[in-house]
Amino acid sequence: MNNAVTGQLVIVGFGIQLGRHLTNRVLNEISAADVVVCLVDTLALAYLKTLRPDVVSFHDLYKENKDRRDTYREMEAAMVEPVRAGQKVCAVFYGHPGVFADAPHRAVRTLRNEGLPARMEAGISAEACLYADLNMDPGRNGTQSMEANQFLFFERPLDPTALLLLWQVGLVGDTTCKLFTTTSERLAALASKLMRWHPPEHEVILYEASQVAIAPHRAERLPLSRLHEATTSHITTLVVPPSRKLTPDWAALASLGVSEEALR
């Protein structure tokens with residue numbers, strides 16, 4: 001087989017809610033592939049097996065006390081190597097396959113650098129569900145969105161007039177990439193840093209999208225000062241609404257000839 005012609009990779013998203021977020025495009029890609037690999041939740045995997053009994057789940061690559069970065073490199077190899085051999089590979093990930101997912105992006109870059117076709121199809125993400133479930137518009141005050149550890153470990157100044165989304169808060173404080181839980185002490189450290197910009201009594205939201213249509217989403221509200229009491233998981237997102245109002249930039253407005261009344 002001529003792998004430069006026949007080998008290709010397409011990465012698709014299964015969405016968050018089983019069935020509701022699944023598109024015909026995704027189903028067609030799964031059906032047409034020679035090799036199907038996936039990283040999805042248990043219910044989605046059971047459904048995927050009815051479509052492709054030969055599907056290979058990446059869950060088997062995770063092991064206790066194993067560095068997740070090693071697992072991600074193994075995922076990348078499992079997507080790339082069959083394409084090099086001339087096969088059509090479809091990799092299925094939960095949500096949108098390019099959000100907080102290192103291996104899919106690396107696989108696409110690797111193959112494209114080798115001159116082999118690789119693409120990613122958009123899917124419905126947890127962020128899209130968040131905006132719908134919490135009735136929030138990211139364009140109202142602007143949105144800051146980052147991984148919780150990146151915010152905690154690095155200098156990431158915040159804008160308290162904008163919405164803040166901190167992803168994977170259930171893993172915050174871990175530097176080993178081997179754990180899937182956090183501690184109250186680590187959550188307290190996160191809250192302490194957030195209180196540089198937001199007052200202790202400011203209400204935050206622990207959000208988890210619903211993975212099945214009959215179950216409600218999670219939207220637990222509590223003061224920032226009590227974040228250490230929260231129960232979290234690997235899918236928990238911390239939502240921090242703005243704590244301050246927008247302040248007009250009078251110099252910029254004056255340069256445009258815009259009056260204060262025009263902003264009301």
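Treating cross-link reach as a plain straight distance, find the lysines whose alpha-carbon is under 28 Å from the alpha-carbon of Lys66, omitting any fewer than eight places away in the same chain. In chain and number order, the partners are Lys49, Lys178. May I ask you to list the residues of segment 115-152 whose amide nitrogen lies under 18 Å from a point 7 Å from Cα along the Cα→beta-carbon direction of Leu253? Answer for segment 115-152: 141-142.
A Förster radius of 25 Å, combined with the Cβ-Cβ distance separating Arg140 from Val212, puts the computed FRET efficiency at roughly 0.25.
Comparing Leu238, Leu61, Leu45 in a Gaussian network model of the chain where C-alpha atoms under 10 Å apart are linked, the largest mean-square fluctuation is found at Leu61.
Using C-alpha pairs under 8 Å with a sequence gap of at least 6, the mean separation divided by the residue count of segment 126-240 gives a relative contact order of 30 percent.
Remark: Thr232, Thr183, Thr42 ranked as Thr42, Thr183, Thr232, counting other beta-carbon atoms within 10 Å and listing the fewest first. Packing here is the average count of other Cβ atoms within 10 Å per residue, and on that basis the peptides 248-256, 110-118, highest first, run 110-118, 248-256.
If R0 equals 41 Å, the separation of the Cβ atoms of Asn113 and Ala46 corresponds to a calculated FRET efficiency of about 0.70.
Of the Cα atoms belonging to the chain, the radius of gyration and Dmax stand at 21.4, 69 Å.
Here the calculated FRET efficiency for Lys66 and Asn28, from their Cβ-Cβ distance with R0 = 30 Å, stands at 0.30, rounded to the nearest 0.05. Multiplying the residue separation of Ser233 and Glu147 by 0.36 nm and subtracting their alpha-carbon distance yields 29.5 nm.
With an 8 Å Cα cut-off and a minimum separation of 6 or more residues, compute the relative contact order for the chain in percent. Relative contact order of the chain: 20 percent.
Scalar couplings 3J(HN,Hα) for segment 150-156, obtained by applying the Karplus form with A = 6.51, B = -1.76, C = 1.60 to θ = phi - 60°, are 4, 5, 6, 7, 10, 6, 10 Hz; x denotes Gly and Pro.
Altogether, the Stokes-Einstein calculation at 25 °C and 0.890 mPa s, with the Kirkwood radius of segment 181-232 over Cα pairs as Rh, returns a diffusion coefficient of 206 µm²/s.
Computed from the coordinates by the stated procedures, all read-outs in this text should not be read as laboratory data. Everything numeric here is computed off the predicted structure, so don't read it as measured data. Reconstructed Cβ throughout: ideal geometry from the backbone, glycine too, with neighbour counts over all protein chains shown.
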